[in-house]
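Novice: Pasting a structure below so you can have a look.
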Amino acid sequence: MRPYLTIILSFFILILQAQKQTPTQYIDRYKELAVIEMHRSGVPASITLSQGVLESSSGNSRLAKFANNHFGIKCKGNWTGKTIYANDDAPDECFRAYGSVLESYKDHSDFLRKNWRYHELFELKITDYKGWCHGLRKAGYATNPQYGKILINLIERYELYQYDTQKLPQNEAPEEGEKINGVPVKIATKEETVRSIAEDNYLKDKHIRKWNDLPKDEEIKAGEVVYLKPKRRRGSEGKHIVTKTDNMRGISQTYGIKLKHLYKKNRMETGTEPKVGEVLYMQKKRDSDDPVKTQAKKPNWEEEKKFINPSSVNQNSIDSTNFDNPGAINKVTIEVPDFHIVVKGDNIYRIAEKYHVFEEDILKWNPSLNPNTMQIGQKIILKEKLADFHNFKKQETETQPNKTTDTDLNKMDTEEMQKNIAVDGTMTHMVIKGDTMFNICKRYGITVDQLKEWNNLENITIQIGQKLIVSP
């Protein structure tokens, strides 16, 4: 009887594994993360969710499954993190790989904020999702000319615009007698003190202070979570994104992890505070080559109360990577000449990057320019006022990339759209120093036998620089 039971169970497991996550399920799963990122970075939650649905095929693409990359971001710029290779616009392209979906969402926001191509988008209202969608397409986020309309279609189909006005999600306060991370807690009332809570629960004052990381001269505040037993060495969740209202003690209280262990797991010096947007680990220790960026100030509960005159703050000192003010971005001004003379090694992308001008505008201002046949010494117009628009004003525009209508797009199935955008081919891993067959298998969630079979390996020996197939 047992063999039959095993076969039946295996059959049902295979069915469950084969089921794909729907767009609605994807949105419900990651909507809070998108809202958190919106408040941290200024990227509308509707944009993040619609791009996630489209670029990752609702989390079902191989790039999403094997690299946690939900936005198809490639290894451009100064990326020094983990990588994975797949066929996209060109064969065997390098894509960024993340330790979690949370890291992918954070990097997507940072990617948009730090790239000059998208700076104009942050001047739009947070609720102007149509402006964002068309702006992303024009800025070259994707090569599909219908990209902007497809995003708008997804946002309106699933009513994602509702998340652009949502406040930061708050953790629900536990009810009396509940536990956090398996530890009993209570919520302090207005009349309660450390002493009264200790006496009511047959404990000592020092225990309440120790278990709640409360300094000697500080009193319990009304509404605060109070632990009635020691917190755990690990948190109730795997990771946490730091918001502007967070501090280490508050995070420790929220997830039921001892404050000293929260510092240890993140290799942080005791007393320091992480910068907004940093990802903190609460169940495993972070890699030594992945340090947490910290604030250059004392923890909130040790700071002296000082008056700061807002008028005295030098706006030029604001760091564009500090997301306390999502709307503030430091722009680099580039002096653009009237023309560019093509030199050896030039292509339209390099010219656009050099002068911070969109490729689309260069082609519009130079209607006879063929990007594939540029010649050394060729003169290219870089300013709109110098271009003769008389003969090509009625040509392709932002809102009319081709003859496909909005009605056509509404009839298109979301999965059909994703086939042409989501990176979903065979994935490969480049072996680097320190890699072993076992840690590669652990990273991609596969077995040693599978890795050996897909790569025709007879043993577990691998070499630096070797490319291994990590998905069938």
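Derivation of every value follows stated rules applied to the coordinates shown; laboratory data play no part. Keep in mind the model is a prediction, meaning the values are calculated, not measured. Positions of Cβ are generated from backbone atoms using ideal geometry, with glycine treated the same way; all protein chains shown enter the neighbour counts.
Novice: Any of 204/258; 229/258; 210/258; 138/344 with alpha carbons more than 21 Å apart? Name them for me.
Specialist: Cα-Cα > 21 Å for 138/344; rest within.
Novice: List the chymotrypsin sites (Phe, Trp or Tyr not before Pro) within region 195-243 that fall in a DSSP loop (any state other than H, G, I, E or B) and whose Cβ has at most 12 other Cβ atoms within 10 Å.
Specialist: The qualifying sites are 202.
Novice: Need the full-extension length gain, residue 457 to residue 432, defined as separation in residues times 0.36 nm minus the C-alpha distance. One decimal, nm.
Specialist: Gain on stretching residue 457 to residue 432: 7.2 nm.
Novice: Among 471, 196, 57, 104, which comes first, then next, by fewest other beta-carbon atoms within 10 Å?
Specialist: With the fewest neighbours first, 471, 196, 57, 104 line up as 196, 471, 104, 57.
Novice: Cα centroids of region 18-84 and region 96-145: how far apart, whole angstrom?
Specialist: 12
Novice: Using only the Cα atoms of region 21-165, build the gyration tensor, take square roots of its eigenvalues as a ≥ b ≥ c, and label the shape rounded, prolate or oblate: rounded if a/c is under 1.5, else prolate if a/b is larger than b/c, else oblate.
Specialist: rounded
Novice: Next up: In region 341-392, which trypsin sites (Lys or Arg not before Pro) fall in coil by DSSP and have 11 or fewer other Cβ atoms within 10 Å?
Specialist: Answer in residue order: 344.
Novice: Is region 330-389 best put as rounded, prolate or oblate by its Cα gyration tensor, with a ≥ b ≥ c the root eigenvalues, rounded for a/c under 1.5, and otherwise prolate when a/b is larger than b/c, oblate when not?
Specialist: Because a/c hits 1.5 or more and a/b fails to exceed b/c, region 330-389 counts as oblate.
Novice: Using R₀ = 56 Å, calculate the FRET efficiency as 1/(1 + (r/R₀)^6) where r is the Cβ-Cβ separation of residue 207 and residue 386; round to 0.05.
Specialist: Here the calculated transfer efficiency is 0.15.
Novice: Now for a separate question. Working out 0.36 nm times the residue gap between residue 285 and residue 222, then minus their Cα-Cα distance, what length gain in nm do you get to one decimal?
Specialist: 19.4 nm
Novice: May I pose another question? Using packing as a proxy for protection, rank 427-440, 242-255 so that the peptide with the highest average count of other Cβ atoms within 10 Å comes first.
Specialist: 242-255, 427-440
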